[in-house]
1. Using the Karplus equation 6.51 cos²θ - 1.76 cosθ + 1.60 (θ = phi - 60°), what ³J(HN,Hα) coupling, rounded to whole Hz, does each residue of the stretch A:65-81 give in order, writing x for Gly and Pro?
2. Mind checking which of B:I145, B:L127, B:M45 is farthest towards the positive end of chain B's charge dipole, using Cβ charges of +1 (Lys, Arg) and -1 (Asp, Glu) about the Cα centre?
3. How many nanometers, to one decimal and shortest first, lie between the label point of B:P94 and those of its other copies, if labels sit 7 Å from Cα toward Cβ?
4. For the stretch B:7-48, what is the relative contact order in percent, using Cα pairs closer than 8 Å and at least 6 residues apart in sequence?
5. About the Cα centre, and with charges only on the beta carbon of Lys, Arg (+1) and Asp, Glu (-1), how big is the dipole of chain A? Nearest 20 debye, please.
6. So how strong a dipole does the stretch B:34-106 carry about its Cα centre when Lys and Arg Cβ are +1 and Asp and Glu Cβ are -1, to the nearest 20 debye?
7. Only sites in a loop by DSSP and with at most 16 other Cβ atoms within 10 Å count here; which GluC sites (Glu not before Pro) in the stretch A:86-153 make the cut?
8. Using amide H atoms built 1.01 Å from N in the peptide plane, name the residues 5+ places from A:D107, or on other chains, whose amide H lies under 5 Å from its own.
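None of the figures in this text is laboratory data; all of them are computed from the coordinates on show. Nothing here was measured: the structure is a model prediction, and the numbers come from that model. So basically every Cβ, Gly included, is an ideal-geometry build from the backbone, and we count neighbours across all protein chains shown.
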Number of protein chains: 2
Amino acid sequence: MDVRIDELDRKILRTMQRDAGQSLDEIAKVVGSSKTPVWNRIRKMRDAGVIGQQTVMLNAEALGFEACFFVLIRTSEHEADWQAKFLKALMDRPEVQEAHRLAGDIDYILKVRVQNARAYDVFYQALISEVRVFNVTALLSMEEIKSTVALPL
Amino acid sequence: MDVRIDELDRKILRTMQRDAGQSLDEIAKVVGSSKTPVWNRIRKMRDAGVIGQQTVMLNAEALGFEACFFVLIRTSEHEADWQAKFLKALMDRPEVQEAHRLAGDIDYILKVRVQNARAYDVFYQALISEVRVFNVTALLSMEEIKSTVALPL
DNA sequence: GTTGAAATTCCATCAAG
DNA sequence: CTTGATGGAATTTCAAC
């Protein structure tokens, strides 16, 4: 899983991040190389797990997901089985797009994407009925200013 | 930009979210239809902006991006030109992967992906020297529990 | 909506310089 | 590394049902 990534690799990744639908020929042209080495590098990085899933960015609002919450969670319980249960609850819920364990006094942050505020409440009630949490603060997004998965390579 | 999305469209989107690299034939088989109608629907949704950019998920840690911060920002300035300047600063910085304007006492939340804590500090110093902000809290991610762009269709 | 066929392009590989 | 060639797929379009 440990690979050397050189400047050409980085160029390839940058290009693929921008548009993964391009043909090999196009990618090769953009990065200033040719098909064969580019293809070999892509395969190597795929095998090494550097390049993962290929996906499409969907327009959340056009599809009826008009509400996005960032949820700050404090808990007093830090035992292993509580954590396992909590993690499972997060993994099982598709409306949780991101979940991070934090350093500091806030223990977790979630990004939750739902149709509306009501749907968030349903999610919230279900979550706190499943696992004990000490304190929950929900931040409601009014406007998505920027959203990208691209790394600043 | 306003399109009717039926159950078949949703199935197509779900399939493409999971793996955008599949062939049309495969997608058609998975959703229980055939090539032509699936292709027509994909094109329609692309034109309507429902389907956006096609991209790849990269392994951030393997590429040296080991630090991820959620940044909570309070500001006292709400004039139009301050906001324009602030937005531009966010758009111009590739380490800002997400930026949302919030309801409530916290005005903005950012997700910032950088190589390490030092790189975050460079970002932070640059940002506050460009625009005035009243209060900034940085939450450091210790562990990315979940990360997906898939909508729960 | 479906199936099937067409031209074109692309993928993935391999040989050769 | 490069170019060039290849067989097999996939894309995109179209006609016909």
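1. 9, 9, 10, 9, 10, 9, 10, 9, 10, 10, 9, 9, 9, 10, 6, 4, 6
2. B:M45
3. Distances between equivalent label points, in nm: 3.3.
4. 36
5. Dipole about the Cα centre, nearest 20: 600 debye.
6. Approximately 700 debye in magnitude.
7. Answer in residue order: no site qualifies.
8. Sorted by chain and number, the residues that satisfy this are A:I73, A:R74, A:T75.
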